[in-house]
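For reference, the structure is listed below as structure tokens.
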Amino acid sequence: MHSSVSIPGYDYGTARVRRSPVTLDELRQIEQAAGFSEEDQHALQCAGEVLVEQAEQMVDSWRARIAAQPELARWFFDPSGKPDEAYKAAVKKRFVQWVRDTCMRPRDQAWLDYQEEIGLRHTPAKKNQTDSVHTPPVVPLRYLIAFVAVVNPIRPFLCREKRSAEEIEEMQNAWSKAVLIQISLWSRPYVKEGLW
Ligand code: HEM
């Protein structure tokens, strides 16, 4: 895996990340609800071998969508109303790493804990803190969910390598489930106590 130690603010597996209030048992239940299987885990790893090289392009393509829609772009604006370029650049590195993590990391306690952290970093509890910036304090949950439609299709990136249509289908399905499981976890800090 690409070295991650040098990414500022990327705290995966460190003591700076608090323990997730979600248990590993609950995680397994969510995986089961999404139909995420051993085969999906394998397909995701195979996808990772292709996607790791393209992770930056993937993030660039998603970022272009955010930049093109003012209602999305503004969550990266500084108090003067302009994009905070240093913030965008810092978050981008961690987002690229996320593509790798989604495919390659085992779904263990450290993984679960960082899911909670990523969720929190989209909410007033932690947004802006990692990079000491002054952009709006929340990414509204409605956009987090809707944006799955943008992050979901990975076929264009998978098709750049020689793979059978069936293999590509399996990788796409595994990726879709993996993203949805994460959004489910990230939604937790947004939701009223007892309703998640
Ligand atoms: C499927 C949807 C989304 C995914 C998979 C995603 C993924 C991520 C990841 C991996 C990070 C970095 C986490 C880290 O610090 O290690 C991040 C941070 C961030 N994302 Fe998202 N994101 C999504 C939707 C959105 C949307 C719709 C917006 C707003 C337009 C957004 C704005 C941000 C911002 C502003 C940060 C930095 C938060 C901070 O201050 O630490 N995200 N996102």
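Structure summary
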{"item": "Any hit, the stretch 83-100, residues being touching a strand residue (DSSP E or B) at 6+ places or on another chain (Cβ under 8 Å) and either at pLDDT below 95 or more than 20 Å from residue 187 (Cβ to Cβ) (or both)", "result": "yes"}
{"item": "Residue pairs meeting the criteria (Cβ under 9 Å; at least 6 apart or on separate chains; first at pLDDT 95 or above, in the stretch 161-179; second hydroxyl-bearing (Ser, Thr, Tyr) and surrounded by fewer than 19 Cβ atoms within 10 Å (Cβ to Cβ))", "result": "174/37; 177/37"}
{"item": "Qualifying helices (runs of 4 or more DSSP H) (wholly inside the stretch 1-104; at least 1 residues being in contact with a Gly (Cβ under 6 Å, 6 or more places away or on another chain) and surrounded by 12 or more Cβ atoms within 10 Å (Cβ to Cβ))", "result": "85-104"}
{"item": "Single residue of the stretch 138-153 satisfying the filter (out of contact with any Ser or Thr (no Cβ under 6 Å at 6 or more places or on another chain) and of a type in the set (Val, Ile, Thr)) that is nearest to residue 51 (Cα to Cα)", "result": "151"}
{"item": "Answer residue from the stretch 56-67, given it is touching a residue at least 40 places away in the same chain (Cβ under 8 Å) and more than 11 Å from the ligand (Cβ to nearest atom) and is nearest to the chain's Cα centre (by Cα) among those", "result": "56"}
{"item": "2 or more residues within 12 Å of the chain's Cα centre (by Cα), within 16 Å of the ligand (Cβ to nearest atom) and crowded, with 18+ Cβ neighbours inside 10 Å: qualifying helices (runs of 4 or more DSSP H) within the stretch 108-196", "result": "109-121, 165-186"}
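The values are calculated or read from the model by the stated rules, or taken from the named source; none is laboratory data. From a predicted model like this one, the values you see are computed outputs, not experimental measurements. Heads up, the Cβs are rebuilt from the backbone with ideal geometry, glycines too, and the neighbour counts pull from every protein chain shown.
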